[in-house]
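The values are calculated or read from the model by the stated rules, or taken from the named source; none is laboratory data. This structure is a prediction, so every number in the text was calculated from the model and none was measured. Every residue, glycine among them, receives a Cβ derived from its backbone with ideal geometry; neighbour counts consider all protein chains shown.
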Amino acid sequence: MKRSAELQLQTRLIGAANHASHELPPWLVADLRADHAGEAGAVMMYRGILSVSKDPHVRAFAERHLRTECGHLASIAEIMPARSQTRLLPIWRMMGWLTGALSALLGPRAVFANVQAVETFVDHHYQEQIIRLSAEGPFADVRQLLADCRQDEIDHRDEAAGLTMGNVGHMAKCWQVLIAMKFKVAVWLARKF
Ligand SMILES: [Fe+2]
Ligand SMILES: [Fe+2]
């Protein structure tokens, strides 16, 4: 909760600084466009879980994560030029909802295994961007924001992994590979369109 408040304050400061000092370079806008699409998908994934699951434990888990993802989405939206959103956003939102709802239909273990798979991908995705941004460079503040978001995703991944207790089965491992492949294509598309 404390981190969320810090994240929002930091976002406002970055937004003000970018506003004052011009546009972000195209490569960074492309990165943020993919991040924005991913966070929109994450919000919808947790909404999909909440649309289907009646399990109180799963619902509490999803509601908590949803609040964090809404914060991430607002933070990225605030620092990214509005006109730069991907045109594929409705598809990301629909795919996110379906991913959450389908896992919820299969039960709590599927929900946690799915979240573990998704957040593992997001952790690596943010890590690649953080490496591209220098800690002392002109976008060090954006880098810090992405690092804070990444830490939340790691917490989500680890919480989900703890709830599956490593007992995910062969199907779930295949699902993790499929998620990584699907998201790689989706990120590429969001960066381009
Ligand atoms: Fe997120
Ligand atoms: Fe997350």
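For a quick check of your reading of the model, give me the residue pairs whose first member lies in the stretch 79-101 and is in contact (Cβ under 8 Å) with a residue 12 or more places away in the chain, whose second is outside any helix (DSSP H, G or I), with beta-carbon atoms closer than 8 Å and at least 6 apart or on different chains.
79/24; 80/24; 81/23; 81/24; 86/193; 87/193; 88/193; 92/86
State which residue is surrounded by the fewest Cβ atoms within 10 Å (Cβ to Cβ) when the search covers only the stretch 150-168 and only residues that are away from ligand 2 (no atom under 15 Å from the Cβ) and in contact (Cβ under 8 Å) with a residue 12 or more places away in the chain.
167
Could you tell me which numbered condition residue 25 fails, if it satisfies all but one of (1) under 21 Å from residue 146 (Cβ atoms); (2) within 16 Å of ligand 2 (Cβ to nearest atom)?
Going through (1) under 21 Å from residue 146 (Cβ atoms); (2) within 16 Å of ligand 2 (Cβ to nearest atom) one by one, residue 25 breaks only (2).
Given the condition more than 16 Å from ligand 1 (Cβ to nearest atom), more than 13 Å from the chain's Cα centre (by Cα), closer than 15 Å to residue 33 by Cα and exposed (fewer than 13 other Cβ atoms within 10 Å of the Cβ), answer yes or no: does some residue in the stretch 136-146 qualify?
No: zero hits.
Are any residues in the stretch 119-170 of a type in the set (Gly, Ala, Ser) and either over 24 Å from residue 108 (Cα atoms) or in a helix (DSSP H, G or I) (or both), and if so, which ones?
Selection gives 134, 135, 137, 140, 147, 160, 161, 162, 169.
Residue by residue, here is whether (1) surrounded by fewer than 15 Cβ atoms within 10 Å (Cβ to Cβ); (2) within 20 Å of residue 46 (Cα to Cα); (3) not basic (Lys, Arg) holds:
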residue: 86; (1), (2), (3): no, no, yes
residue: 103; (1), (2), (3): no, yes, yes
residue: 119; (1), (2), (3): no, yes, yes
residue: 131; (1), (2), (3): yes, no, yes
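Which of the residues spanning the stretch 85-109 are basic (Lys, Arg), more than 15 Å from the chain's Cα centre (by Cα) and assigned to a helix (DSSP H, G or I)?
Once the filter is applied, which keeps residues that are basic (Lys, Arg), more than 15 Å from the chain's Cα centre (by Cα) and assigned to a helix (DSSP H, G or I), the stretch 85-109 yields only 109.
Would you pick out the residues in the stretch 53-62 that are surrounded by 13 or more Cβ atoms within 10 Å (Cβ to Cβ) and in contact with a Leu (Cβ under 9 Å, 6 or more places away or on another chain)?
Within the stretch 53-62, 53, 58, 59, 61, 62 qualify.
Can you report the number of residues in the stretch 36-84 which are in a helix (DSSP H, G or I), among the acidic types (Asp, Glu) and at pLDDT 95 or above?
Qualifying residue count for the region: 3.
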